[in-house]
Amino acid sequence: MATYKGQDGVFQAITAGGTLATVNQLKSYSIEQSVDSIETTTMGSTGDAKTYTTGQSGWTASCELLYDLSNAVQADLIVGESVDIKIWPNSTSQAESWAGSGIVTASSQSGALGDLVGSSITVQGSGVLTTVA
């Protein structure tokens, strides 16, 4: 099983067509995939246990950055914009990655005394998140 250092991750994005480009000043990223469960229990079922089947799936991706609007990709990650993303756990030279399209649904910036200004971006997936292993 391959293991990766978190420090080697890459978050790429592009809005309005074009080529994926790296979001500079990346501090961390996360991907959450989920699926709805639909109850299928019927009256008269054997036992007291509920039964379920899978429903629709979805995903979100987020990244924490040092705020830097001189990076064109970071500047393009505007709430409400459609975006294509690709996240690499190691580096762009490795095959393993996640890719999909979505909408930027949240952006927040924060700063504190003795710290650099940070930015947090969230992308709500639209469609399937492709995993390449």
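The values are calculated or read from the model by the stated rules, or taken from the named source; none is laboratory data. All values derive from a computational prediction rather than experimental measurement. Positions of Cβ are generated from backbone atoms using ideal geometry, with glycine treated the same way; all protein chains shown enter the neighbour counts.
Before moving on, here are some points about what is shown:
- For segment 97-118, the set of residues classified as of a type in the set (Gly, Ala, Ser) and without any contact (Cβ under 8 Å) to a residue 60 or more places away in the chain consists of Ser97, Ala99, Gly100, Ser101, Gly102, Ala106, Ser107, Ser108, Ser110, Gly111, Ala112, Gly114, listed by residue number.
- Tally of residues being crowded, with 17+ Cβ neighbours inside 10 Å and either of a type outside the set (A, V, I, L, M) or touching a His at 6+ places or on another chain (Cβ under 7 Å) (or both) across segment 26-57: 1
- For segment 1-47, a residue qualifies if it is modelled with pLDDT of 85 or more and among the acidic types (Asp, Glu), and the qualifying residues are Glu32, Asp36, Glu39.
- Checking each residue in segment 1-25 for being surrounded by 11 or more Cβ atoms within 10 Å (Cβ to Cβ) and over 17 Å from the mean Cα position of the chain (by Cα) picks out only Tyr4.
- Scanning segment 6-22 for residues that are farther than 23 Å from Gly58 by Cα and in contact (Cβ under 8 Å) with a residue 12 or more places away in the chain yields Gly6, Asp8, Ala21, Thr22.
- Only strands (runs of 3 or more DSSP E) whose full extent lies in segment 92-133 are considered here, and the ones with at least 2 residues that are surrounded by fewer than 16 Cβ atoms within 10 Å (Cβ to Cβ), at pLDDT 95 or above and on the phi < 0 side of the Ramachandran plot are 97-110.
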